[in-house]
Ligand code: HEM
């Protein structure tokens with residue numbers, strides 16, 4: 001009674017036949033037009049509530065954050081990632097004291113390792129230097145930037161986790177980047193849906209097993225890494241995230257808290273995963289658009305040249321002098337829609353939303369896509385247009401509907417790191433190069449491949465060193 005309305009489910013299948021399992025975004029939008037911003041669908045026998053639009057999402061994730069911040073523990077992603085690790089990490093942990101403790105520790109440690117401060121900026125700039133050198137070797141040829149940005153984003157978070165820079169051909173690096181790229185597509189894809197809908201198929205050797213195998217091997221590698229690290233660590237003198245976590249474990253002993261070595265490995269995997277595929281795909285979307293909107297690229301370059309005149313390198317503070325670049329980066333994030341359905345939430349108690357009753361334990365899909373292109377919230381919701389973030393005086397403004405990092409208690413823990421990376425990498429590369437859509441590349445395809453993260457289809461890129469360099 002009073003449960004959100006939705007299409008009538010079939011026995012056993014629920015509403016699966018009404019969704020394109022390769023990419024349900026358009027179907028979810030169609031259902032919102034028919035049933036309103038809060039509606040229900042059945043994934044197999046399981047009820048799921050989809051929340052659309054700024055108003056409903058704010059009410060759920062901010063006003064009623066305590067009710068809507070749980071995570072279901074019975075989805076494929078939990079079984080694949082948590083069971084083998086024997087610990088929930090932070091992304092998939094339910095809304096409880098353990099999650100709160102880990103999240104607080106994660107935020108504090110990221111901050112202490114220089115997030116938003118100089119050390120982190122220096123790390124990002126060093127990695128950008130590395131990309132620059134690789135790009136210089138590709139001048140005049142077509143290059144495929146896909147792996148490049150994944151490796152760079154991975155290395156930046158690896159600095160925090162292990163204080164190490166990996167060569168892009170390193171096996172450790174290639175393995176982990178591969179895990180993230182593949183599992184992101186399996187988890188929210190056809191096979192993930194089938195696993196989540198039909199408990200009876202879960203033990204069968206179907207393609208979703210691949211995600212289980214990958215997470216298991218990844219966990220094993222991280223346990224080895226932590227063991228290796230213990231040999232060289234000096235307690236009380238942390239070099240990176242692992243050392244800091246081990247210091248915390250020493251301090252706590254067996255105090256019954258959520259800290260453990262398994263939890264450390266799960267946390268490392270979470271930060272590495274969340275910090276790689278998201279930032280890399282946002283950058284890939286950015287360059288796809290910048291190459292095909294050369295006038296926008298050029299206007300960014302003019303602003304960058306003016307502000308950085310005489311300076312060796314950019315710093316994150318420079319963003320305040322670059323309203324146009326800021327608008328472009330935010331617009332890239334808006335159209336990239338990198339985590340289109342957020343990470344699924346779950347109600348942690350019986351609750352109400354926009355007049356509907358939703359019982360405890362209901363899976364919640366926060367449809368971020370619906371807000372990032374919501375009519376009435378943007379000047380041009382359907383176009384790539386930096387004016388979405390500029391007022392009449394050309395100043396940068398951030399509308400409330402800009403929520404690629406989600407909102408509320410579960411909001412992205414790496415937001416500051418991600419924003420710093422996007423700014424420093426884009427500014428540094430645009431200052432040095434022109435990015436050109438190759439003549440033989442045909443029409444650009446802006447439709448991404450759906451998954452937990454959206455991935456632009458592979459595309460070629462041409463780089464040209466800018467003739468007028470100012471430093
Ligand atoms: C452009 C880049 C990024 C985007 C668009 C993004 C987006 C998101 C979104 C939508 C969520 C889900 C929030 C929710 O459940 O409501 C999330 C969670 C999370 N992100 Fe990010 N993220 C990005 C980069 C990063 C980076 C660089 C890190 C690592 C330092 C990171 C770490 C996390 C973690 C740990 C969570 C889980 C938070 C929790 O459940 O309490 N993310 N992110």
### Query
If we scan the range 231-239, do we find a residue that is away from the ligand (no atom under 16 Å from the Cβ), at pLDDT 95 or above, on the phi < 0 side of the Ramachandran plot and touching a strand residue (DSSP E or B) at 6+ places or on another chain (Cβ under 6 Å)?
no
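Only one residue in 350, 305 is in contact with a strand residue (DSSP E or B) (Cβ under 9 Å, 6 or more places away or on another chain) and at pLDDT 95 or above, so which one is that? I'd like the intermediate steps shown before the answer.
Working: 305 fails: in contact with a strand residue (DSSP E or B) (Cβ under 9 Å, 6 or more places away or on another chain).
Going through 350, 305 in turn, the sole match is 350.
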## Note on the structure
Those residues of the range 133-146 that are crowded, with 17+ Cβ neighbours inside 10 Å and in contact with a helix residue (DSSP H, G or I) (Cβ under 7 Å, 6 or more places away or on another chain) come to a total of 2
### Query
In the range 324-350, which residue that is away from the ligand (no atom under 12 Å from the Cβ) and part of a loop (DSSP other than H, G, I, E, B) is surrounded by the most Cβ atoms within 10 Å (Cβ to Cβ)?
347
## Note on the structure
For the range 271-297, pairs from a residue that is farther than 14 Å from residue 421 by Cβ and away from the ligand (no atom under 15 Å from the Cβ) to a residue that is in a helix (DSSP H, G or I) and modelled with pLDDT under 95, with Cβ under 6 Å and 6 or more apart or across chains, are none
### Summary
Here the qualifying pairs (Cβ atoms under 7 Å; residues six or more apart or on different chains; first in the range 20-47 and over 18 Å from residue 10 (Cβ atoms); second modelled with pLDDT of 95 or more and in a helix (DSSP H, G or I)) come out as 25/369; 29/370; 32/370; 37/56; 38/56
### Task
Six or more apart or on different chains, Cβ under 7 Å: which pairs go from a residue in the range 247-259 that's in a helix (DSSP H, G or I) to one that's loosely packed, with under 14 Cβ neighbours inside 10 Å? Could you list them?
247/235; 247/236; 250/235
## Note on the structure
Residues of the range 351-390 being surrounded by fewer than 19 Cβ atoms within 10 Å (Cβ to Cβ), under 25 Å from the mean Cα position of the chain (by Cα) and within 21 Å of residue 409 (Cβ to Cβ), in sequence order, are 361
#### Entry: Filter result (at pLDDT 90 or above and either touching a strand residue (DSSP E or B) at 6+ places or on another chain (Cβ under 7 Å) or within 23 Å of residue 91 (Cβ to Cβ) (or both)) within the range 110-124
123, 124
### Query
Any idea which of (1) within 13 Å of the ligand (Cβ to nearest atom); (2) under 30 Å from residue 24 (Cα atoms); (3) touching a helix residue (DSSP H, G or I) at 6+ places or on another chain (Cβ under 7 Å) is the one residue 398 doesn't satisfy?
(1)
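The values are calculated or read from the model by the stated rules, or taken from the named source; none is laboratory data. These numbers were taken from a predicted model, which means no experiment stands behind them. When we count neighbours, we look across all protein chains shown, and the Cβ atoms used for this are built from the backbone with ideal geometry, even at glycine.
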